[in-house]
Amino acid sequence: MYYRRLGNTGLLVSEIGFGTIPVLQGDIPVLPAYFDLDEAQALAVMEHALHLGCNLYDTAIVPEYGDAELKLGKFAARAGRDKIIISDKARFFGGSEMYQAVETSRENLGTTPDIYFVHQVDAAHEDEVFGRGGALDALADLKAEGKIRFAGIAAHYYDILLRGALDDRVDVLQGSGNLLERGMLDRIRGEACFRGKGFLVNKVYAAGLLPARFSEKTLIKFALSYPVSGVLIGLGTMAQVDAALGWDTRDPEPAVPDFDEVLSVLEKEYMPIPCDRCQRCACPHGTEIHTLFRQYQYFHLGKDYWALKKLGLGIAESARHCRECAQMPCMDACPHKIRIAQEMQRVERLVAEYAV
Ligand code: SF4
Ligand code: SF4
């Protein structure tokens, strides 16, 4: 295992960190059914990762990740608190709610989390989080009081991560990217302001969809080729731990495929939209183009029920706007020259065909 600096925190984290979603038990509507591990099983999987050099464990407040936070607290006590770095988070955007969430997490963990993220920050809550008295101010206070060591922003949106990179209260960022959805990582690589922050990459397996097409080594090696501190991989079995951690990330093999090569692998199964989720396109009607295209890809890659349900929520209106759109400003921004309006019709047809 190799270790990288976590921005300016002074921490050294394992290149491959442990995502705790798969060790959870509990009814989590937005998450698929995982392995339903009991406490002994969960701790054994976490311990196996520790033996392979993992020192970074990422979780979220109960019940966002079921009981995973409680299990991680027990694991920290068993492994030795100084042996691991705990990354925790909560989806609260106001200051007082976030302050209380951290107190709850500290009780659940039985210890002080090293990093605490505001989780899933989106455009609707961004100003509240960053504004006076918001969640980031609360994390800054908690840090000053010694109740967390470092503060973070976790988001799937480039503009929000960029705002975090420019904010002195933020020590660490957590964002998503993988072989297919690499556009945000490309942009982060090109922005010097990210270098002073720790950066952890999640969704490296694209919700578990890509390992059927590309090896775990390829997927992890790809994400580690960016100037990031490490990747977070959801792990729920010994075999998954071995596949993610039991190899040398400096091995020249396997080679990492470029974007066109990735598309040609997917073309054997369906006609992918060549969108890398760079998020440069903007729509005056508020259509979140990259999210709709993602759901189209995920439908074909295996998450059909989940993707259809999400697409059904807004595609008809988005496709209608596209049919009536004269200027199509979104297309000017797209580096892949995607005919966005036409692709939107394709997505609408897919929903019409498969939705029940
Ligand atoms: S074509 Fe027009 S309506 Fe459709 S996504 Fe682009 S900007 Fe929005
Ligand atoms: S449609 Fe184009 S601009 Fe928009 S996210 Fe995808 S690749 Fe980027």
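Read-outs: derived from the displayed coordinates by stated rules, not from any lab. Fair warning: this is a prediction, and the values are worked out from it, not measured in the lab. In this analysis, Cβ positions are derived from the backbone assuming ideal geometry, glycine residues included, and neighbour counts consider all displayed protein chains.
Among Asp58, Asp304, the order by Cβ neighbours within 10 angstrom, fewest to most, reads Asp304, Asp58. Based on C-alpha pairs under 8 angstrom that are at least 6 apart in sequence, region 122-246 has a relative contact order of 18 percent. Cys residues of the chain that find no other Cys beta carbon under 4.7 Å: Cys54, Cys193, Cys275, Cys278, Cys283, Cys322, Cys325, Cys334.
Judged by the mean number of other Cβ atoms found within 10 Å, the most tightly packed of the peptides 172-179, 322-329 leads the ranking 172-179, 322-329. Within straight-line reach of Lys309, meaning a Cα separation under 22 Å, sit the following lysines at least 8 residues removed in sequence or on another chain: Lys203. The alpha-carbon of Lys83 sits under 24 angstrom from the alpha-carbons of these lysines, leaving out residues fewer than 8 places away in its chain: Lys71, Lys74, Lys143, Lys147, Lys197. Think of region 70-123 as a dipole: +1 on every Lys or Arg Cβ, -1 on every Asp or Glu Cβ, centred on the Cα centre; then among Met98, Phe117, Leu72, Leu72 lies furthest on the positive end.
Across the chain, the mean sequence separation of Cα contacts (distance under 8 Å, 6 or more residues apart), normalised by length, yields a relative contact order of 15 percent. Taking the Cα centre of region 270-354 as reference, the dipole from Cβ charges on Lys and Arg (+1) and Asp and Glu (-1) amounts to some 120 debye.
Qualifying trypsin sites (Lys or Arg not before Pro) in region 258-301, where qualification requires a DSSP coil assignment and no more than 13 other C-beta atoms within 10 Å, comprise Lys268.
A cut-off of 5 Å between modelled amide H atoms, ignoring neighbours fewer than 5 places along the same chain, links Ile233 with Gly17, Phe18, Gly19. How much net charge surrounds Phe35 when only other residues with a Cβ under 14 Å from its Cβ are counted (Lys, Arg +1; Asp, Glu -1)? Charge balance in the 14 Å sphere: -3. As a proxy for reagent exposure, ranking Tyr205, Tyr2, Tyr57, Tyr298 by other Cβ atoms within 10 Å from fewest up yields Tyr2, Tyr298, Tyr205, Tyr57.
Near the amide H of Phe150, within less than 5 Å, lie the amide hydrogens of Ile115, Tyr116, all on another chain or at least 5 residues away, with H placed in the peptide plane. For His285, neighbours were defined as the other residues whose beta-carbon sits under 15 Å from its Cβ, and their charges (Lys and Arg +1, Asp and Glu -1) total -2. Ordered by the count of other Cβ atoms within 10 Å of each Cβ, fewest first, Arg250, Arg320, Arg187 give Arg250, Arg320, Arg187. With contacts taken as Cα pairs under 8 Å at a separation of at least 6 residues, region 270-354 carries a relative contact order of 34 percent.
Within straight-line reach of Lys268, meaning a Cα separation under 19 Å, sit the following lysines at least 8 residues removed in sequence or on another chain: Lys303. Simple point charges give the picture: +1 on the Cβ of Lys and Arg, -1 on the Cβ of Asp and Glu, and for the chain a dipole about the Cα centre of about 500 debye. Charge tally for Gly53 (other residues, Cβ to Cβ under 13 Å; Lys, Arg +1; Asp, Glu -1): -2.
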